[in-house]
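Note sheet for the following structure.
The values are calculated or read from the model by the stated rules, or taken from the named source; none is laboratory data. Only a predicted model underlies this, so the values are computations on that prediction, with no experimental measurement involved. So basically every Cβ, Gly included, is an ideal-geometry build from the backbone, and we count neighbours across all protein chains shown.
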Amino acid sequence: MGLKINIKEIFPEDYSFYGQKMYNLMVKLYPICRSITGDGVRKTLNHIKEDIPIKIAEIPTGTEVFDWTIPNEWNIEDAYIKNAKGDKVVDFKTSNLHVLNYSTPVNKKINLTDLKKHLFTLPEYPDLIPYLTSYYNENWGFCITHKQFEELKDEIYEVVINSSLKDGYLTYGELYIKGEIEDEILFSCYICHPSLCNDNLTGPVLLTYLAKYLLKIKENSKLKYSYRFLFIPETIGAITWLSLNENMVLKIKHGLIATCLGDSGNFSYKKSRIGNATIDKVVEKILFDSGKPYNIYDFFPSGSDERQFCSPGLNLPVGSLLRTLYGKYPEYHSSADNLDFVKAEYLTESFRHYLMVIYILENNKTYVNLNPKCEPQLGKRGIYRKIGGQKEGSINKLAILWVLNLSEGNNSLLDISIRSKISFDQIKKSSDILVKCGLLRDISN
Amino acid sequence: MGLKINIKEIFPEDYSFYGQKMYNLMVKLYPICRSITGDGVRKTLNHIKEDIPIKIAEIPTGTEVFDWTIPNEWNIEDAYIKNAKGDKVVDFKTSNLHVLNYSTPVNKKINLTDLKKHLFTLPEYPDLIPYLTSYYNENWGFCITHKQFEELKDEIYEVVINSSLKDGYLTYGELYIKGEIEDEILFSCYICHPSLCNDNLTGPVLLTYLAKYLLKIKENSKLKYSYRFLFIPETIGAITWLSLNENMVLKIKHGLIATCLGDSGNFSYKKSRIGNATIDKVVEKILFDSGKPYNIYDFFPSGSDERQFCSPGLNLPVGSLLRTLYGKYPEYHSSADNLDFVKAEYLTESFRHYLMVIYILENNKTYVNLNPKCEPQLGKRGIYRKIGGQKEGSINKLAILWVLNLSEGNNSLLDISIRSKISFDQIKKSSDILVKCGLLRDISN
Amino acid sequence: MGLKINIKEIFPEDYSFYGQKMYNLMVKLYPICRSITGDGVRKTLNHIKEDIPIKIAEIPTGTEVFDWTIPNEWNIEDAYIKNAKGDKVVDFKTSNLHVLNYSTPVNKKINLTDLKKHLFTLPEYPDLIPYLTSYYNENWGFCITHKQFEELKDEIYEVVINSSLKDGYLTYGELYIKGEIEDEILFSCYICHPSLCNDNLTGPVLLTYLAKYLLKIKENSKLKYSYRFLFIPETIGAITWLSLNENMVLKIKHGLIATCLGDSGNFSYKKSRIGNATIDKVVEKILFDSGKPYNIYDFFPSGSDERQFCSPGLNLPVGSLLRTLYGKYPEYHSSADNLDFVKAEYLTESFRHYLMVIYILENNKTYVNLNPKCEPQLGKRGIYRKIGGQKEGSINKLAILWVLNLSEGNNSLLDISIRSKISFDQIKKSSDILVKCGLLRDISN
């Protein structure tokens, strides 16, 4: 790949230790009980703010956002189920997944039959606690392992959920990095899941360090694009942000939703609804060039916040670059999606791909060959190796020939790299050489 | 599939016993000696008329129809070959295939050498009688098994064909069922083959009962489309009908030629010449959703009456939905294509697919999502299951999301069902729910 | 294939012995030391002129051709390396590949270390002499086997290259055969390689006999297209010709670069940069119809003179029909690409394909079906076999139906033959029959 070297040209900092940094941040965020509103979100964003200067927005309960309304804010202190002997058989303090997320408060004695109406398990994975929510339907409940469920005796239980659902705010974080042009690259993640790592803490930690990296680069280099990073609750957060920023969404020229970036699986790319947007071509090219297996998914309308960004009335060029797709691994949305399931090294690989997206988008120019009739004489310009006829062709020479042959105004360097199956970086370097020789004119808009 | 239930919504009658009814009608029609003209056609149409109120047309010999002329009417009483001893070695009464269809009358003594010039066999299938015709080249002949052929001794034979070729008529049947709009769905079959079942009696019996079914439905429900059923002699009948109805062919919006519908083979679809007409998409979707193997053939200019409907000057959206394609099974055009070769159960399956074509075409609306910016909140409308985050996704929820995401005016429900790989019926039901919630507007023309 | 018969219709001469004739010409040309300029080219062209009346052009050194300048003319008398004993250890007279092509003159004593800077070998093929050039970077050198290289002792050598680089000319040959229209078919080959057969003497010898064949045909028949044959030095020759003829290149409607036509490998076709030009469709159809394996390569900007003809400012419909692609066989650009490596029979096969290209292009008409509504009655015109219903279809009947069905003005016979998978010749013959019946009108422009 030679990726590191190439990235260094415009991104001088080494990034290989970032995997561990991301992992360390995830360790800090893991214990917090998050939801789509409440103090868990605030604590999470405050941790992130120690690394990057996000602005934190608080949108009041009751605010209308498109077809939706910001719900009551949810907070929770404690929750448990005590058996007849007074032993806590289920305890929120051992795992915040134990409480059905957004449970209404409860404090009562209840027999087993009635309790069971409020218990959720994964019979096919009897040791795992499921992750469930009930945001818009008032309910209370406990998520427990199926083993726990089967051990419950027919007796009277004390159930306590010390939660509150009150007027408050929906909270989210945003970071805008201004570049030379107003066109934006959007990176969005969600910060609403409690103790769950791959889906979804890997998203916020990767975007935190991607933003930090960009800010450091910006100290010495120019960024062409402006960048926007969103740390929002899933669905209602995306709808809220889009509703409040509707007039400016057309500035978003490329975007990615970041989640599921720390598992050991192959990379996946879920295309934007447009299907052949530049971001789609960029990510496919990066995965193709990686030489490793990968999966491309056409857009589908379930999933994460691309559902909102790619709704028909917005149809933004936003895809999702992840490792194993949500729902495709058994640990998904359960207590097994924990700090052991994700690894720093996988986060580093993901980080590299996200950096590469930026590298390509920042450098994807379109040129016109100023000597379009027959090839220019490269030898007299010192470009060619002077000895012809050799058996092994030089890849650089071929990259130069491709750039000259396809630079007629409608092919970007990305297009040329895809067509030629040569890495974007080789194509970019070839174009740099040709520009220096006066053989190409930049006609990028 | 759940097909039966869905069809029932607009088609309340059960149809599972129709296979046997179709088979019974075929048993009645099988012995008749049909050709492109003559009393065999009339008897066949009169049988059909007992089930559905077809109009029978008689077009006189000599009528010019496009480039063709209605030929003399052919009728036959008897035919045989007697050997020197006076034994009938070939007898029309044992199989009407024995006579070269449209043979001129003959009554003479003939030696073996001369007789052989008028004998046709299938050497590769020595027990089968071939089916051959000579409509436009005056000739006489006998079709016999190759075994019979090889047993003929070198003696004088008496050949008798008691046929007539005289001024008369070309006869065909037609049924028009008026719907809410003048746009038509055409179902056409041919009624010119003698004792041959799969090709082609399965066509007329299936269309007879399809028409009967539609008429019964119409007693209680509205049909959007008008329907036209043709029972015509192949080629000359199609040319005649098209010539007489040239001014109205543009009303035909979708069409199918029905033949080869009773064998045990996989379904096949021969596309219209247009190639991506709605009828092509509908049939491919039905076969795809069946979960069984099937064959799709691009249009080719040999075959049945789609040759005329899809001639370049007409180019109508008419395909052919059949089981094994004509010519692709060894029994084709031989005495082995008999009542044992086709089964009621296969006719039922074929009938179901034809009903499904009607079901989809009648229900294929196009909607616009009235809440196109982000998803509408389905929960507050009672659409969603309120508990989110569960492992297994609900297919209905996904269908609803697809309908919302793709309903922007240029995708019909059929298009959405194809793109999403969800059954048309699920997509239709989802759209019904969304219409009730006021989230979709019907913009079908 | 039946190719010979079909070709005979417009090309009455047998061509099967042409393989040997081409081979014999190659034997004459093989010993000559060619380069991009000089007497080797002149001798080569004079041999060719014995067969066909090419015009020989001489373009002076220093002439500017697009971005390039005609270099000094190179000639060589002799070259060798003598060891300390005075034995010739490398001798130009045993193989003209021994001298780095375009070497400057040298005559000096030199030690082994310095000599090695001027020696080129193929370590992976220790018995082969590589072919190398240094046209635009003044240098001298010897190409030797790696075995020779390893046997050299550490002693003083005498190196002599008796060459000259002086004001002179670039020489090329051209033959123009005028047809009925000014639109041209271009066949181009290069005549700059020394003793190397497949790449590239097979190109000049095949084009010599293709031209000769056409001239003979023209004595009795009319050619629709005009034909241009170029025998030019690679790269600089193509650039020179295009620069001098820039105003007329748009007359080139179809073109092929001829090289690598005598090895035993499968045929290959490198598409024009346009990718779906008529020449691309013609050659793919010929290779498809051959029934043998073949390779299709999308255009790539390395290779031979298609690089110039397909440069973005010209973008001519010029592909390359060859057997094994240059660089894909180990003998490429080495002393193993000799008279043993190519065979007359393979040249004959190549010749047949080139003739077939001409046959298709000369006959590729576009018709309109004058009876477009339903099929015309072929029987009454004597076209059909009159007995219908037979098991085996006649290919001619099907070809006729395809021509009738697709002749609506936008499909050429080539298009119809590709769509129907029927040979071009069958389709052409069917169209001839239909034209005679008055059923088709020629609307070729």
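Take the residues of segment A:192-231 that are under 22 Å from A:GLU182 (Cα atoms) and among the aliphatic types (A, V, I, L, M): which is nearest to the other protein chains (Cβ to nearest Cβ)? Checking each candidate, the answer is A:LEU230. Can you find a residue that is part of a loop (DSSP other than H, G, I, E, B), away from chain B (no Cβ under 13 Å), in contact (Cβ under 8 Å) with a residue 24 or more places away in the chain and of a type in the set (D, E, K, R) anywhere in segment A:160-167? Yes; the residues of segment A:160-167 include at least one that is part of a loop (DSSP other than H, G, I, E, B), away from chain B (no Cβ under 13 Å), in contact (Cβ under 8 Å) with a residue 24 or more places away in the chain and of a type in the set (D, E, K, R). Listed conditions (1) closer than 30 Å to B:ASN371 by Cβ; (2) of a type outside the set (Phe, Trp, Tyr); (3) crowded, with 17+ Cβ neighbours inside 10 Å are all met by A:ASP167, apart from (3). Being over 26 Å from B:ARG323 (Cα atoms), in a strand (DSSP E or B), more than 14 Å from chain C (Cβ to nearest Cβ) and polar (S, T, N, Q) is a property that does not hold for B:THR113.
Close Cβ contacts (under 9 Å, 6 or more residues apart or on different chains) running from residues in segment C:298-314 that are within 21 Å of C:THR324 (Cα to Cα) and among the basic types (Lys, Arg) to residues that are at pLDDT 95 or above and crowded, with 19+ Cβ neighbours inside 10 Å comprise C:ARG307/A:CYS374; C:ARG307/A:GLU375; C:ARG307/A:LEU401; C:ARG307/A:ASN405; C:ARG307/C:THR235; C:ARG307/C:ALA238; C:ARG307/C:PRO301.
In segment B:284-302, of all residues being within 29 Å of C:PRO376 (Cβ to Cβ) and surrounded by 20 or more Cβ atoms within 10 Å (Cβ to Cβ), the one that is nearest to the other protein chains (Cβ to nearest Cβ) corresponds to B:PRO301. Could you check, for segment A:129-137, whether at least one of its residues is in contact (Cβ under 8 Å) with a residue 60 or more places away in the chain, more than 10 Å from chain B (Cβ to nearest Cβ), more than 19 Å from A:GLY86 (Cα to Cα) and of a type outside the set (Gly, Ala, Ser)? Within segment A:129-137, one or more residues are in contact (Cβ under 8 Å) with a residue 60 or more places away in the chain, more than 10 Å from chain B (Cβ to nearest Cβ), more than 19 Å from A:GLY86 (Cα to Cα) and of a type outside the set (Gly, Ala, Ser).
Of all the listed residues (A:ALA57, A:ALA84), the sole one being loosely packed, with under 14 Cβ neighbours inside 10 Å and in contact with an Asp or Glu (Cβ under 9 Å, 6 or more places away or on another chain) is A:ALA84. For segment A:355-369, the candidate set comprises residues that are surrounded by fewer than 23 Cβ atoms within 10 Å (Cβ to Cβ), in contact with a helix residue (DSSP H, G or I) (Cβ under 9 Å, 6 or more places away or on another chain) and within 14 Å of chain C (Cβ to nearest Cβ); within that set, the residue that is nearest to A:ILE433 (Cα to Cα) is A:ASN369. In summary, strands (runs of 3 or more DSSP E) completely within segment B:190-285 and bearing 3 or more residues that are of a type in the set (A, V, I, L, M, F, W, C) occur at B:226-232, B:252-257. Counting only residues that are polar (S, T, N, Q), in a loop (DSSP other than H, G, I, E, B) and either more than 8 Å from chain B (Cβ to nearest Cβ) or closer than 19 Å to A:HIS193 by Cβ (or both), segment A:304-339 holds 5 of them.
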